[in-house]
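First up is the structure itself, then whatever we jot down about it.
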Amino acid sequence: MSKKGYLYAIIISSLLLIAACSSKSAEEQIHDHLEEAIQIEEGYETQQQEIEELEQQEQEIFSQIVELDMEQFDQIQELSQEAISIVEQKQEKLGEERESIEASQEEFEQVESLISDLEEENVQQEAESMYDIMIERYTTYYDLNDTYQTSVDQEKELYEMLQQEELEQDEVTSHLEALNENYEGIIALNEEFNQLTADYNEAKRTFYEASDLNVSYEDESDADTEE
């Protein structure tokens with residue numbers, strides 16, 4: 001095919017795609033974006049499972065460390081290094097997880113410009129409510145991810161400290177207190193995120209019902225975090 005013919009084929013394909021999209025109602029287009037956003041978040045759920053497994057491995061190592069005394073310092077050093085490797089893997093997974101959520105948000109935000117095209121006022125209101133809840137959910141996730149990243153950094157610092165033979169107990173205690181305080185923040189944000197996920201699922205169901213879309217709406221398990 002010549003370059004001219006190839007370009008012509010691309011133009012025709014693009015026009016056909018535009019025509020197909022424009023033939024859909026605003027409700028149908030919103031539905032497509034919502035469901036695509038959910039599909040994108042499947043990557044996030046996979047990373048969550050992997051983070052949970054790493055958490056369990058790290059906790060087992062930490063439990064072994066606290067059972068040792070300074071006469072077994074070589075073992076403490078070895079276990080601490082293993083823990084650092086696991087923490088670094090968690091950092092990587094948290095970055096991948098955030099990328100999945102960012103991609104989901106990018107897809108979801110395409111809904112905003114379509115809401116004004118909805119003809120019925122009550123359907124518009126339900127769509128706006130649903131949209132606002134999901135945006136708040138994304139914002140809460142970023143706060144959660146940031147707080148968790150901070151905790152992971154603190155964990156790495158702790159294991160690096162434990163490799164120092166002349167380590168003061170007060171220094172370890174102070175670091176653990178700061179770490180525990182951050183864990184409390186993670187728990188609170190995690191609960192808020194899970195509640196917003198449940199609120200969004202309900203708001204989406206309400207929107208679908210108000211818009212009279214013929215959607216087979218299966219019960220969704222909340223996309224709770226495992227952090």
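Quick look at the numbers
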| quantity | calculated |
| --- | --- |
| Sites T139 and T46 - FRET efficiency at Förster radius 22 Å, r taken between beta-carbons, to 0.05 | 0.45 |
| Three-way shape label, region 145-208, alpha-carbon gyration tensor, a/c 1.5 | prolate |
| Listed residues K204, K93 arranged by accessible area, highest first, probe 1.4 Å | K93, K204 |
| Relative frequency of Cα-Cα separations exceeding 21 Å in the chain, percent | 65 |
| Helix-only CD estimate at 222 nm, as mean residue ellipticity for the chain, using -39500 (n - 2.57) per DSSP H run (n ≥ 4) | -29000 deg cm²/dmol |
| Prolate/oblate/rounded call for region 55-185, Cα gyration tensor, a/c under 1.5 rounded | prolate |
| Accessible area expressed per residue, the chain, with surrounding protein chains retained (probe 1.4 Å, Å²) | 59 |
| Peptides 118-127, 144-153, 65-74 ordered by average Cβ neighbours within 10 Å, highest first | 144-153, 118-127, 65-74 |
| Whole-percent carbon and sulfur share, accessible surface of the chain, 1.4 Å | 44 |
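The values are calculated or read from the model by the stated rules, or taken from the named source; none is laboratory data. Everything numeric here is computed off the predicted structure, so don't read it as measured data. A quick note on method: Cβ atoms are made from the backbone with ideal geometry, for glycine too, and the neighbour counts reach across all protein chains shown. Please note that ligands, DNA and RNA were not included when accessible areas were found on the heavy atoms of the full protein model with its side chains. Shrake-Rupley method; radii C 1.70, N 1.55, O 1.52, S 1.80 Å.
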